[in-house]
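Here the structure is laid out as structure tokens; the discussion comes afterwards.
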Amino acid sequence: MTFFNIFYTISFTIQMDNSESKEEIYKQYKGQHATLDRRIKMLLKKPYLTDDEEREIKDLKKKKLYCKDLMESLAGSMQRKEKH
């Protein structure tokens, strides 16, 4: 497991604290999504990827999609709240 795998595994978990608003949580996931995207782009710039790097890209893409899904869910929740 590479340093980046460990870093992203640890940093990917964003705790939902009762004091945090949905907007703050959304911003955290948006930042995490951007970080994952930058790492993917950095890896894809390499002329050759090792097997570990290819697996890392797959994992990062899954985490990035999960972040996007959570962001969409939060955005929908915030919009419904505004309508009421």
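A few notes on this one:
- Leu49/Lys81 FRET efficiency (R0 35 Å; Cβ-Cβ; nearest 0.05): 0.20
- Separation of the alpha carbons by more than 27 angstrom is noted, of Lys22/Lys62; Lys22/Lys64; Lys58/Lys81; Lys62/Lys83; Lys58/Lys83, for Lys58/Lys81; Lys62/Lys83; Lys58/Lys83.
Where a number appears in this text, it was derived from the coordinates with a stated rule and is not lab data. For clarity, every value in this text was computed on a predicted model and none was experimentally measured. Note that we place each Cβ from the backbone using ideal geometry, even for glycine, and neighbour counts take in every protein chain shown.
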